[in-house]
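Data block below; observations after.
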Amino acid sequence: MDTEGVFRLEREMATPGREWLKRQGLLIKEEFSTPWGICDLVGVSFSQERVRQRLNLGQREAIGPPLRIALLNRIPDSEAGETVAPARLESEFNDLLTPCEIQRALRNLIESGFVVTVHSGCLQKLNGWVPLHWRIVALELKLRRVEEALNQARSHLRFATHSYVGLPSELALRVAQSTRRRDFLNLGVGIVAVSPTHCEVVVRSQGQSSAEQDKVLQMHCVERFWRTRVRDN
């Protein structure tokens with residue numbers, strides 16, 4: 001059967017794509033916004049042990065927007081025994097946030113239990129659970145535009161541990177068996193063959209090294225799933 005003709009719209013591919021992610025035990029969000037556009041489907045799996053560690057610290061709230069996450073990441077971990085002064089943070093972030101915005105963000109982090117004040121008003125963060133996730137899987141669905149899909153899926157690797165292009169089965173198999181397969185492999189992007197009833201991986205995503213990923217963006221992605229995870233806990 002020619003599955004390219006079965007799907008009239010890309011959104012019709014979302015149901016089998018969602019089921020594919022669900023079978024992997026992932027929490028799922030659709031039309032996931034990123035700095036470069038929308039990713040059709042994103043799935044996240046959490047580390048149960050690290051979730052427990054975070055909840056034991058009383059950190060039930062989501063951290064918040066990316067700049068607050070960047071600010072938190074700059075504060076030394078309490079286990080390291082180091083501290084940072086608020087004035088130092090104001091100096092480092094003065095091109096992104098006003099002193100009032102930094103003070104407000106720090107107050108939020110303290111009230112949410114992520115940061116504590118120690119001697120002389122200096123700051124430490126209570127951590128031990130980063131990263132919270134095991135896997136982040138991005139799925140970009142396209143009926144035909146393979147090159148566009150590949151470029152988008154490559155961008156998703158800035159936060160995802162694995163990124164896939166989902167194509168109608170006939171097209172996916174042709175691409176996987178063509179010279180274009182090498183382009184996907186070189187970029188760490190996989191291919192999923194999508195039919196109305198199921199999905200099949202025909203090229204596995206190799207992902208990117210941890211050093212190549214945007215840690216703030218990745219953490220922000222996971223935080224967007226946090227409230228759902230807490231409700232299920």
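When the accessible area of region 127-195 is computed with all protein chains present and a 1.4 Å probe, what percentage of it is carbon and sulfur?
Taking all protein chains in place, region 127-195 shows 47 percent carbon and sulfur surface.
Per residue, the accessible area of region 10-64 comes to 51 Å² when a 1.4 Å probe rolls over the protein heavy atoms.
When only Cα pairs below 8 angstrom with a gap of at least 6 residues are kept, region 102-233 shows a relative contact order of 19 percent.
Only alpha carbons enter this Debye calculation for region 107-233, each as an equal point scatterer, and the log10 of I(q)/I(0) it gives at q = 0.10, 0.19, 0.20 Å⁻¹ is -0.44, -1.01, -1.08.
Given a 1.4 Å probe, how much area per residue of region 111-233 is accessible, in Å²?
On the way: 5610 Å² over 123 residues.
Here the residues of region 111-233 average 46 Å² of exposed surface.
With only Cα atoms counted, region 90-131 has Rg and Dmax values of 11.4, 30 Å. For the chain, relative contact order (Cα pairs under 8 Å, six or more residues apart, normalised by length) works out to 24 percent.
For region 1-65, the Kirkwood estimate of the hydrodynamic radius, built from every pair of different alpha carbons, is 14.6 Å.
Taking Rh as the Kirkwood radius computed over C-alpha pairs, what is the Stokes-Einstein D of region 65-119 at 20 °C in a medium of viscosity 1.002 mPa s, expressed in µm² per second? The partial results should precede the final answer.
Working: Rh = 11.4 Å.
Stokes-Einstein gives a translational diffusion coefficient of 188 µm²/s.
Cα-based values for region 98-156, radius of gyration first and Dmax second, are 20.1, 60 Å.
Dipole of region 1-129 computed with +1 at Lys/Arg Cβ and -1 at Asp/Glu Cβ about the Cα centre; of 17, 33, 64, farthest Cα towards the positive end is 64.
Dipole magnitude for the chain: about 360 debye, using +1 per Lys or Arg Cβ and -1 per Asp or Glu Cβ, origin at the Cα centre. With contacts taken as Cα pairs under 8 Å and at least 6 residues apart, region 62-135 reaches a relative contact order of 35 percent. The Cα-based radius of gyration of region 18-109, divided by its Kirkwood radius, gives an Rg/Rh of 1.06.
The values are calculated or read from the model by the stated rules, or taken from the named source; none is laboratory data. Only a predicted model underlies this, so the values are computations on that prediction, with no experimental measurement involved. Cβ coordinates were reconstructed from backbone atoms using ideal geometry, including for glycine residues, and neighbour counts include every protein chain displayed. The area values use the complete protein model at the heavy-atom level, side chains included, leaving out ligands, DNA and RNA. Shrake-Rupley method; radii C 1.70, N 1.55, O 1.52, S 1.80 Å.
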